[in-house]
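The values are calculated or read from the model by the stated rules, or taken from the named source; none is laboratory data. Note that this is a predicted model, so its numbers are computed, not measured. Cβ placement follows ideal geometry from the backbone for every residue including glycine, while neighbour counts extend to all protein chains displayed.
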Amino acid sequence: MWNAINRLLSLKVSDVMSRSVVEVSASQGMDEAAAVFAAHHVSSAPVIDEQGCCVGILSATDFLRRNCSQGYLDTETHMLTQQDPDSPLEIVAKGDLVSNYMTHAVQSVAPDQPLLNAARIMCAEHIHHMPVLDGHCLLGLISTMDVVAAMMNAIEEVAVDELKKS
């Protein structure tokens, strides 16, 4: 068991992160972002600005928040409009953009950080996906599933080694 623990302690974020990451743009519409999520079967994506810097993260929870917020008038993202004096007032989106719904204050991690530090942050902040950054440059994404898989792999490696010895 100590071998599995030592193996986990030796892992860096870069050892387990996903390098092929689905990204969305801050200026993209939410419907377009939803189509990207569906096409790639993801529940979270880093948000990239025009310079290619990671400026946020968009998650499935943000889509829920968006749908729930449409039950009332949010004056930052919606406005009342009327086609003519005889027509009813309508609520329309000012800009149903990713930047209006994403999480701006993103917790991120560097690729050379120990995996257990990333896991500790994810637990403390109650987050499931964390961008891996070099400065503002996106290198990858680490998820709770990546952490669980690393734990399972470490345990299985030790179990296989023990079986070979016996």
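Only one residue in Asp15, Asp31 is among the charged types (D, E, K, R), out of contact with any strand residue (DSSP E or B) (no Cβ under 7 Å at 6 or more places or on another chain) and within 20 Å of Met130 (Cα to Cα). Which one?
Unique residue meeting the criteria: Asp15.
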Among residues of region 90-115, those that are surrounded by 12 or more Cβ atoms within 10 Å (Cβ to Cβ) and either modelled with pLDDT of 95 or more or in a loop (DSSP other than H, G, I, E, B) (or both), counted: 13
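Can you tell me which residue among Ala154, Ala118 is more than 16 Å from the chain's Cα centre (by Cα) and either part of a loop (DSSP other than H, G, I, E, B) or buried (at least 17 other Cβ atoms within 10 Å of the Cβ) (or both)?
The unique qualifying residue is Ala154.
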With the structure loaded, tell me whether Ser44 is hydroxyl-bearing (Ser, Thr, Tyr) and within 15 Å of the chain's Cα centre (by Cα) or whether it fails that test. yes
